[in-house]
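All remarks here apply to the structure that follows.
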């Protein structure tokens with residue numbers, strides 16, 4: 001039973017992750033009877049991108065959307081696939097650190113366990129890495145969580161929805177992300193989404209409320225009947241957010257996501273009391289524990305859900321059920337998820353009957369996939385995969401090829417060397 005890191009040869013690619021292939025067997029704890037998890041393989045790589053998105057505008061993001069593809073193999077040969085999708089400009093997790101923590105901590109924790117016992121796997125992951133305020137390295141963990149669900153579904157011949165005793169749902173309506181650098185770009189960006197069948201839009205705002213309000217007005221004028229969702233990614237100060245929220249509402253915004261950094265508790269409470277717009281939290285909601293606390297502290301009207309952010313599907317399901325229990329809003333979002341993570345996200349949102357348009361912009365910005373049959377996204381809607389596990393099949397040869405391409409120096413790197 002072993003844990004392997006599959007890598008390419010270029011030294012600078014994931015240098016901090018120690019790219020040697022690991023083949024030594026790992027010592028596993030006592031395993032329950034049944035099909036065992038025999039091996040975990042990791043494939044760190046980058047998906048090529050198109051267009052401008054601020055979270056991928058630095059030197060690391062410009063070389064592609066980093067991801068660690070996780071392959072979990074049972075001792076009967078059945079394989080489950082998952083994907084960790086770190087974004088250094090959005091979280092503290094990077095492609096390098098995700099690879100290391102999966103290789104040295106999360107992966108070894110599940111090798112040797114019963115592949116049918118999801119609760120045991122989650123307990124093992126809880127014990128593998130101490131958390132801070134919340135779950136430790138949740139984006140990294142999510143990749144293994146998805147792979148475990150894919151494996152479980154394939155072993156039982158059930159889709160995600162069926163594993164949870166639910167119907168698959170779908171298709172899901174999507175929202176187009178607008179992240180203009182100037183107001184002159186707005187109409188062209190709206191046209192790009194409109195031409196692909198999108199009728200709902202989410203705008204990136206903060207820190208300049210004057211720009212944001214005018215952006216919202218222009219979008220609402222062009223799309224009078226669409227769902228308009230403003231996401232500040234924690235970029236406002238409390239006093240600015242309190243002044244901006246009524247203006248954004250007047251401009252036609254329907255909800256305001258993550259107006260403040262999550263540790264601005266009194267600021268969130270003030271925004272909720274103000275009531276100018278429904279206030280959704282995003283950054284800062286990782287586990288169900290803090291969600292429960294923040295609900296009781298009256299900090300939010302709902303959550304912009306991201307299973308890739310919160311440690312995976314187990315955590316995400318519990319959060320949705322908490323929000324439903326308290327009759328709060330939940331919206332479907334993501335981390336510019338590539339194909340594997342996107343498939344899991346669609347499966348979750350479909351099973352829990354997401355009503356509002358989902359801000360899943362991987363198909364908008366990413367230009368490659370590793371699936372034998374790509375996800376069906378047409379006219380601003382996404383079909384929910386319904387096959388066993390995540391409902392997809394991964395082309396491992398394509399994974400290797402994309403990893404090789406990821407290791408080649410970019411033109412900028414060649415110019416610097």
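The numbers here are math on the coordinates, done by the rules we state, and not lab data. Computed from a prediction, not measured in an experiment: that's the story for all the values here. Backbone-built Cβ (ideal geometry, glycine too); neighbour counts: all protein chains shown.
If each residue's Cβ is checked for other Cβ atoms within 10 Å, how do 89, 46, 166 rank with the fewest at the top?
With the sparsest Cβ surroundings first, the list reads 89, 166, 46.
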Checking the a/c ratio against 1.5 first, then a/b against b/c, what shape does the Cα gyration tensor give for segment 172-382?
oblate
Quick one: helix 209-222 against the long Cα principal axis of the chain, what's the angle to the nearest 10°, folded into 0 to 90?
90 degrees
Once you've got the GNM for the chain with C-alpha springs shorter than 10 Å, pick whichever of 297, 95, 260 has the biggest mean-square fluctuation.
297
Picking from 80, 302, 275, which is most flexible by a Gaussian network model of the chain using Cα springs under 10 Å?
275
Using 0.36 nm per residue of separation minus the Cα-Cα distance, give me the extension gain between residue 225 and residue 372 in nm, one decimal.
49.2 nm
Most exposed first, judged by fewest Cβ atoms within 10 angstrom, 236, 105, 198 run 105, 198, 236
Label-point separation in nm, residue 353 to residue 92, each point 7 Å along Cα→Cβ
3.9 nm
The chain: spread of alpha-carbon positions along the three principal axes, whole Å, largest first, is 61, 54, 37
R0 = 30 Å: FRET efficiency of residue 289 with residue 54, Cβ-based, nearest 0.05?
0.50
Thinking of segment 104-146 as a set of Cα atoms, what percent of all their pairs are more than 16 Å apart?
28 percent
Rounded to the nearest 5, what % of the DSSP beta bridges within the chain are antiparallel ones?
50 percent
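Estimate the FRET efficiency between residue 183 and residue 156 by the formula 1/(1 + (r/R0)^6), using the beta-carbon distance for r and 56 Å for R0, to the nearest 0.05.
0.60
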Taking 339, 250, 327 and counting other C-beta atoms within 10 Å, the order from fewest to most
327, 250, 339
Relative to the present Cα-Cα distance, how much length would full extension add between residue 130 and residue 393 at 0.36 nm per residue of separation?
91.4 nm
Name the most mobile residue of 180, 138, 307, meaning the one with the largest mean-square fluctuation, in a Gaussian network model of the chain with Cα contacts below 10 Å.
180
